[in-house]
Amino acid sequence: MHQNPLAALAVCAALLGAGPLCAETASAESSRVETAPATAITTAPETGAARPVEAPPAARPTRSGASQVYAYVDEAGQVHFAKDGSDPRFQLFLRDPGEYKFKGGRDYRVRLPWAEEQAKLRAAEEQARMDAALAALPFHRHVSEAARQFEVDIALVHAVIAAESAYNPTAVSEKGAVGLMQVMPATGARYGVREKDLRDPARNIRAGTKYLADLLAMFGGDVELALAGYNAGEQAVERYGRAIPPYAETRAYVPRVLHNWRKLRSIAM
């Protein structure tokens, strides 16, 4: 896949209003999954002959390239999974996601044995595509390093920077937030970065990305709540019942970052 650095710059210009920073360019940085054997998961015993598990409509394939999964329940009530239908007892159960809840006398909660490995592989491939596609954006090397270290989507970090400072490393808000990711001095201190060092792009991005990663972990991967916490503080999100606080600034900030994120992600798709 050939990446076009002009595409990233075009999106940057759209997000920031064609500011001079968008004219800067950064140097571009530069498997198969082995088939797992059919695995049995013990559940409550059932009576009767082995029966195939029929895939409900919501679990049927919705995109090409997803992993096929076949299943059946045996006489002892064990759920068996395989990655192909070579055994006639198995019928197509689901493709993605790797976990699905279905009923058969009682509820089954299953986690496919190979799903985690495949999910990590897909995530790594997606990050690599995103990294190449966004390489022309300002400060991308620092963004890429921090995003990989703290396992945050590269495009999301860029989206936050675009909304917070429009890529201005010397920006300081009225409330005292500093630099590219507008890190508050107290937040910087939490991650071992002194206030004067928050003006350094690499340290600012590292602290801001670590904070964003912690918020994502705190709110179970919910990007909207993590962004609300980034803007208003995690205590505010908790105080309002793990919902976006009713602050005009935060209510405008979250959709703005999400818009930036979608635009940036579209480059690599």
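The values are calculated or read from the model by the stated rules, or taken from the named source; none is laboratory data. Note that the structure is a prediction, hence the values are computed from the model and not measured. Methodologically, a virtual Cβ is constructed for each residue, glycine included, from the backbone with ideal geometry; neighbour enumeration extends over all protein chains shown. Just the protein is used for accessible areas: all its heavy atoms, side chains included, with ligands, DNA and RNA removed. Shrake-Rupley method; radii C 1.70, N 1.55, O 1.52, S 1.80 Å.
When the residues of segment 168-198 are narrowed to those that are within 17 Å of VAL157 (Cα to Cα) and touching a Pro at 6+ places or on another chain (Cβ under 8 Å), which ends up surrounded by the most Cβ atoms within 10 Å (Cβ to Cβ)?
LEU180
Read through the list (1) closer than 19 Å to ALA213 by Cβ; (2) modelled with pLDDT of 95 or more, then give the number of the only condition that ALA171 fails.
Of the numbered conditions (1) closer than 19 Å to ALA213 by Cβ; (2) modelled with pLDDT of 95 or more, the odd one out for ALA171 is (1).
With ALA133, ALA166, ALA171, ALA162 as the choices, which residue is of a type in the set (Gly, Ala, Ser) and touching a Ser or Thr at 6+ places or on another chain (Cβ under 7 Å)?
Details: ALA133 fails: touching a Ser or Thr at 6+ places or on another chain (Cβ under 7 Å); ALA166 fails: touching a Ser or Thr at 6+ places or on another chain (Cβ under 7 Å); ALA162 fails: touching a Ser or Thr at 6+ places or on another chain (Cβ under 7 Å).
After ruling out the rest, the residue left standing is ALA171.
Just give me the residues in segment 144-184 being assigned to a helix (DSSP H, G or I) and among the aromatic types (Phe, Trp, Tyr), in sequence order.
Passing the criteria: only PHE150.
Scan segment 205-230 and report the pairs whose first residue is closer than 14 Å to VAL193 by Cβ and whose second residue is part of a helix (DSSP H, G or I) and open to solvent by 10 Å² or more (accessible area, probe 1.4 Å), with Cβ atoms within less than 7 Å and a gap of 6+ or a chain change.
What qualifies is ILE205/HIS142; ALA207/THR187; THR209/PHE150; LYS210/PHE150; TYR211/THR187; TYR211/TYR230.
Test PHE93 against the stated conditions and say whether it is aromatic (Phe, Trp, Tyr), buried (at least 18 other Cβ atoms within 10 Å of the Cβ) and modelled with pLDDT under 75.
So PHE93 fits the description; yes.
Taking segment 220-255 as the region of interest, how many residues are within 19 Å of ILE154 (Cα to Cα), surrounded by 15 or more Cβ atoms within 10 Å (Cβ to Cβ) and not acidic (Asp, Glu)?
Residues that pass the stated criteria total 10.
Name, by its number, the condition in (1) assigned to a helix (DSSP H, G or I); (2) modelled with pLDDT of 95 or more that does not hold for ALA124.
Among (1) assigned to a helix (DSSP H, G or I); (2) modelled with pLDDT of 95 or more, ALA124 violates only (2).
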